[in-house]
Amino acid sequence: MQDTKALLQLQAVSRCYQSAWAKDTIIENLSLDIAPNKMTVVIGPSGCGKSTLINLIAGFEKPDSGEILLEGKPVKGPSHERMVVFQESALMPWLNVYENIIFGPKLRKERSMAEIKAEAEALLEKVGLSVFAQQYPRQLSGGMQRRAELARALINSPQLMLMDEPFRGLDALSHELMQDFFLKLFEETRNTCLFVTSEVDEAILLADQLAILSNRPAQVRAVLDIDLPRPRTQEILNSPEAYAYKRQALELLYEEALKNFQREGKPDDFLEAYSQQEGRHS
């Protein structure tokens, strides 16, 4: 049943890649509603098509069938209404932090430079980069680059933030710090967000709604409402409620990983993660 309150709707979306020798179906008949002012987290087995899903919603690719609707209107291509923060830094290395942040609105010329400058300075303050405004991306740590990318996205006032495993590749401490920072930022702004991750702990920590994908071709296997209080901190993961959600998610992911193992004859990351998790709590 269609959710008329959803900001974004994916309706029976499919995406295939065709070569001269074979057809590879990545996503097949996938439907999902993204609620406004909520954090929807997508998780699934490795290689199931999570990044392809982000590219479709962003408008970088077009579905082969089905529809993607933003406020009831078809998504036809990239737009500042849907901003993406990628796995790897996409900051322009020849621009400093301030210049990276103002690039989009400056190019569109929809606001005065005085307005753009004022908002950029406010965002730099919010993400803790005011003193680094004139630095270039290569002079920043990985966590600082991610904060700059968040500011660059937010200055465009997007209706939907798309986060494609944005903290992947950071060291463990920086990863946790960025999770805490992003949680606070979301809870302050309540910008609608679709966050892709491969980590169950991260998914439970962040999500209002958790969409679990199947193996390729990806479909929505289940949607869990994560009813944990906000504001959240890392400590919430130690609660019985969080563990119950985590166990439920891991069981579903284990089933999908097992299908992959049986089909390809090799273990999936989630098989190992599930086994380790169950061992710690047995």
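Please treat every number below as a calculation from the coordinates, not as lab data. In this text, all values refer to a predicted model and were calculated from it rather than measured experimentally. All Cβ positions, glycine included, derive from the backbone under ideal geometry; neighbour counts span all protein chains shown.
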Checklist entry - Given the chain, what percent of its DSSP beta bridges are antiparallel, to the nearest 5? => result 55 percent
Checklist entry - Over segment 102-215, one equal point on each Cα, no solvent: what is log10 I(q)/I(0) by the Debye formula at q = 0.11, 0.13, 0.22 Å⁻¹? => result -0.40, -0.55, -1.36
Item to check | FRET efficiency, TYR136 to GLU251 (Cβ-Cβ, R0 41 Å, nearest 0.05) | outcome: 0.35
Checklist entry - Which whole-Hz ³J(HN,Hα) couplings does segment 111-128 yield from phi under the Karplus relation 6.51 cos²θ - 1.76 cosθ + 1.60, θ = phi - 60°, glycine and proline marked x? => result 10, 6, 5, 5, 5, 4, 4, 5, 5, 4, 5, 5, 5, 4, 5, 4, 8, x
Checklist entry - If one takes the longest principal axis of the Cα atoms in the chain, at what angle in degrees, from 0 to 90 and to the nearest 10, does the Cα axis of helix 240-264 lie? => result 70 degrees
Checklist entry - When the convex hull of the C-alpha atoms of segment 141-196 is computed, what volume per residue in Å³ does it have? => result 70 Å³
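Take each of the peptides 169-179, 249-259, average the number of other beta-carbon atoms within 10 Å over its residues, and list them starting from the highest.
Working: 169-179: 14.9, 249-259: 19.5.
Order by mean packing, descending: 249-259, 169-179.
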Checklist outcome for this item: Normalised per residue, the volume inside the convex hull of the alpha-carbon atoms of segment 109-157 in Å³ amounts to 79 Å³
Checklist entry - What are the semi-axes of the equivalent ellipsoid of segment 1-108, taken as the square roots of 5 times the eigenvalues of the Cα gyration tensor, listed largest first and rounded to whole Å? => result 27, 20, 14
Item to check | Separation of the SER65 and TYR17 label points, Cα + 7 Å toward Cβ, nm | outcome: 2.1 nm
Next on the checklist: Looking at the calculated P(r) for the chain, what percent of the C-alpha pair distances fall above 27 Å?
Outcome noted: 42 percent
Checklist entry - Taking the simple approach of a point 7 Å from Cα along Cα-to-Cβ for both SER157 and SER239, what is their distance in nm? => result 3.4 nm
